[in-house]
C-alpha cells in the first residue's frame, strides 16, 4: 500500500512497504540500491545517534534486490561477506573511501572499501566508455542517514545505467538525487516516514539547483514505464 507519494522534478518518491508497492510498478530499466545489509547497524559513535534501520537484521532485502528483474542492469551495495549468499555477479564494484570504519579494532583490518554487485539485464550495454570496477569518493558525514552514500558515488553508478532507475530501499534519497542531477527518471520507496521526509527535501533541493552540464550519453528509450511517460 502506498501511504504517500510525491513527484519532485523527474523523481517519484513513495512512502510505503516495498514488498507491497513493487508489484504495482511497471517495467524498470535499472535497479540501483543500497539495501539493509543484515548487520543490525546502530550508530554509537556520533553526537547524533540514529535509530535502528528497518529490516537490517534480516537477509531478505538483499535477496529481493538480487532477484529483481531489471531490463538493463542491477547495482546492489552490500558487505563483502554477503557475497557468499548471492548468485555470482558479473562484476564487483569497489568503493574506496577517504577513511576507514571502526569495526573490530584488534581483530581485522580497517575497512576503507565497500562493494557493489553488478548484474546485467537482458538489454544491457554500457551507455559510455567501458567503466572500471573502482570508484574513489569521500564518505559523507552521515548527516541524513546512518549509512548514507555520497552523491558522487551514486551518480557514477547511475551513469552506467539506462532507462528509468528504481531504488526499493531509498533511505535519504541519494539515488534519486543522483538521478535528478543527471536528468534521469527515478522511483524510490522508503518505509520510514522520517527518512522519506529527508529524501523529499534533498530531491527538491536537487531539482531547484540543476546541474548546468547534463551528459548526453543516454539514448532515448521508446517504452512507457512506471512514470506514465517517456523515460530518460
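Scanning the stretch 183-197 for residues that are in contact with a strand residue (DSSP E or B) (Cβ under 9 Å, 6 or more places away or on another chain), part of a helix (DSSP H, G or I) and surrounded by 20 or more Cβ atoms within 10 Å (Cβ to Cβ) yields a single hit, 196. Quick check: is even one residue across the stretch 51-73 in contact with a strand residue (DSSP E or B) (Cβ under 8 Å, 6 or more places away or on another chain), assigned to a strand (DSSP E or B) and modelled with pLDDT of 70 or more? Yes, because at least one residue in the stretch 51-73 is in contact with a strand residue (DSSP E or B) (Cβ under 8 Å, 6 or more places away or on another chain), assigned to a strand (DSSP E or B) and modelled with pLDDT of 70 or more.
For the condition modelled with pLDDT of 95 or more and assigned to a loop (DSSP other than H, G, I, E, B), what is the one hit in 210, 127, 221, 138? Can you show your working first?
Working: 210 fails: modelled with pLDDT of 95 or more; 221 fails: modelled with pLDDT of 95 or more; 138 fails: modelled with pLDDT of 95 or more.
Residue meeting the stated conditions: 127.
Taking the condition of being out of contact with any strand residue (DSSP E or B) (no Cβ under 9 Å at 6 or more places or on another chain) and not in a loop (DSSP other than H, G, I, E, B), how many residues in the stretch 111-124 meet it? So the count comes out to 0. Given the options 171, 186, name the one that is modelled with pLDDT of 95 or more and over 13 Å from residue 95 (Cβ atoms). Residue meeting the stated conditions: 186. State which residue is farthest from residue 156 (Cα to Cα) when the search covers only the stretch 70-112 and only residues that are surrounded by fewer than 19 Cβ atoms within 10 Å (Cβ to Cβ) and touching a helix residue (DSSP H, G or I) at 6+ places or on another chain (Cβ under 8 Å). Only one residue fits best here, namely 85.
The values are calculated or read from the model by the stated rules, or taken from the named source; none is laboratory data. For clarity, every value in this text was computed on a predicted model and none was experimentally measured. All Cβ positions, glycine included, derive from the backbone under ideal geometry; neighbour counts span all protein chains shown.
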